[in-house]
Amino acid sequence: MRAHPAGPLHGTIAPPTAAGGPPADLGALDAHVWPRSATRVDGELHLGGRPVTELARAHGTPVFVLDEADFRGRAAEFAAAFAGADVHYASKAFLCGQVARWVAEDGLHLDACSGNELTVALAAGFPAERIALHGNNKSPAELQLAVDSGIGHVVLDSFDEIDRLVPLAAARVAAGGTPVPVLIRTTVGIEAHTHEFIATAHEDQKFGFSLATGDALAAARRVIAEPALRLTGLHSHIGSQIFDTAGFEAAAHRVVGLLGQVRDATGEVLPELNLGGGFGIAYLPDDDPVSPDDVAEKLRAVVAHECAELGLPVPRLAVEPGRAIAAPGTVTLYEVGTIKPVQLGASGAPGTPHVRNYVSVDGGMSDNIRTALYDAAYTCVLANRTSDAPPALCRVVGKHCESGDILVRDLWLPSDVQPGDLLAVAATGAYCWSMASNYNYLLKPPVVAVRDGVATEIVRRQTLADVFALDAVLADVPAAGTPRAHPAPDNSVGVRS
Ligand code: LLP
């Protein structure tokens, strides 16, 4: 079947069913899904000791509210579980100056996947030697920055990149510097999905050197022969939002096999093995992610076993969790605007409601593209109060000019949800702000860190003046006449009395 020309979610709306019936308590905050500090006080959601109505009043909506203790707690749990290994926070999930500082203070490493992510981390004072630079198309300028700033690793992704890096590294060595430490990103032929992994199907993608074709071994030979580069190990990343450790174990088996091949072919015993990120989190109460301790135990065991089989010393391990550190501690607060009951007609399966309430909020796919892009599932609650009203089948949608602009596809909300109420969407800390756009000229929301009753805006809301500044015609036009940016947000009326 051909997709709808405007995308599968544009014209065809999913059948009128919500996943399961309404939960017993519509206002419940499942500890699995909500930030660790989330609690209700007199019915109102509090995050980091702050009531959401106050946060919305002070910072406007939409707003990302980040529970600092949750973020740092998860980072610390990974670091503890992987003691003796290196935990790189995958900063593509969410990066700003404050986050870079927390991650640095807490002793983790950082994975950057563009020159600008690297620049943000360096500008925040992140120690260069604890940064690895990823990317399938690193430009000469990005590689130059990596070489000049003395980062810990460049993760090589192609033969072209080796060609680009060698002269830059050679110039550093000629100037009295050290060879550039590199890893080889290996495509191990495993792609892990949420609940399964499939071997072999994944050669057909842009990342890494194929193990199966021998490219990975050829790259290792090439790098080892190059005096300006120092090959410290291999890297493998098999996917994202993975719940099952079997894929990681299979990947570890293969990449350790490659360590053996490198030793046999060159005599070099590589001391490091980076097994990437992708550890899944709970977006919904039924999701059952693996704990950092379990992942660490399984990975250590499989690597130790494979190394023993091959007579190799156990390399120093590294992992790169992004989502598992950043996502669970953040929620997005939105203000409800229009509510439209839509008749679902005769297509409703027996026993399913025949009306769906389209609850529109003041953000949408510009601050969370994941539902539209990946059909991602989120959960959401009425945040400013609880209600005893009976449940109503709802769909939370944004304000963009696009019917695929859905934030939460199917959920139950109290039927008295009304304009001006606040909704909180859980687990939006990864790949939401970082993938935000200005579609329809909506503005990027702020990020407010909360901890022990203190709220700190760590990223301010983008303003129309920021956006005008990029526009050749509008750059000198004051963005007056448009809604004030702060504290009232541009996207919405936002401020309650
Ligand atoms: N390491 C490498 C080499 C990666 O490519 C990634 C993610 C990670 C680590 C971190 O993965 P995590 O632990 O966060 O799953 N935009 C998508 C996710 C893209 C992930 C890309 N690479 C989403 O919103 O689900």
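The values are calculated or read from the model by the stated rules, or taken from the named source; none is laboratory data. All values derive from a computational prediction rather than experimental measurement. In this analysis, Cβ positions are derived from the backbone assuming ideal geometry, glycine residues included, and neighbour counts consider all displayed protein chains. Side chains included, ligands, DNA and RNA excluded: accessible areas come from the protein's heavy atoms. Shrake-Rupley method; radii C 1.70, N 1.55, O 1.52, S 1.80 Å.
Sorting Thr338, Thr463 by solvent-accessible area of protein heavy atoms yields Thr338, Thr463, largest first, with a 1.4 Å probe. Accessible surface of region 68-326, 1.4 Å probe: 52 percent of it comes from carbon and sulfur atoms.
Working note: Cα atoms of the chain, range along each principal axis, descending, whole Å: 71, 57, 48. For region 68-326, the square roots of the Cα gyration tensor eigenvalues, ordered a ≥ b ≥ c, give a/c of at least 1.5 with a/b no greater than b/c, which places it in the oblate category. Amide H contacts of Ala383 (H built 1.01 Å from N, in plane; Pro and chain starts excluded): Leu422, Leu423, Ala424 sit under 5 Å, all sequence-distant by 5 or more or on other chains. Principal-axis analysis of the Cα atoms of the chain puts helix 140-149 at an angle of about 80° to the longest axis. Per residue, the chain exposes an accessible area of 41 Å² to a 1.4 Å probe, with every protein chain left in place. Annotation: peptides 81-88, 123-130, 20-27, ranked by per-residue average of other Cβ atoms within 10 Å with the highest first, follow the order 81-88, 123-130, 20-27. Each residue of region 167-175 was assigned a 3J(HN,Hα) from its phi angle through the Karplus expression (A = 6.51, B = -1.76, C = 1.60, θ = phi - 60°), giving x, 5, 5, 5, 5, 5, 5, 4, 8 Hz with x at Gly and Pro. The 1.4 Å probe gives accessible areas that order His46, His253, His134, largest first, as His253, His46, His134. Apolar share of the accessible surface for region 391-447: 55 percent from carbon plus sulfur atoms, 1.4 Å probe.
Ligands, DNA and RNA aside, Leu145 has an accessible area near 50 Å² when probed at 1.4 Å.
Within the shell of other residues whose beta carbon sits under 9 angstrom from the beta carbon of Asp362, the net charge comes to 0, with Lys and Arg scored +1 and Asp and Glu -1. Taking square-rooted eigenvalues a ≥ b ≥ c of the alpha carbon gyration tensor, is region 76-197 rounded, prolate or oblate, where a/c under 1.5 means rounded and, failing that, a/b exceeding b/c means prolate? It is oblate, given that a/c is not under 1.5 and a/b is not larger than b/c. Axis of helix 246-266 versus longest Cα principal axis of the chain: the two differ by about 20°, to the nearest ten degrees. Binning the alpha carbon pair distances of region 139-241 at 10 angstrom intervals from zero yields the distribution 15, 43, 27, 12, 2, 0, expressed in whole percent. Counting only DSSP beta bridges whose two residues both lie in the chain, roughly 50 percent are antiparallel. For the pairs Lys92/Lys138; Lys206/Lys444; Lys92/Lys298; Lys138/Lys298, note any where the Cα-Cα span goes beyond 27 Å. In this structure, Lys206/Lys444; Lys138/Lys298 lie more than 27 Å apart at Cα.
Computed per residue of the chain from DSSP H runs no shorter than four, each worth -39500 (n - 2.57), the mean residue ellipticity at 222 nm is -8000 deg cm²/dmol. Helix 68-81 and the longest principal axis of the C-alpha atoms of the chain enclose an angle of approximately 30°.
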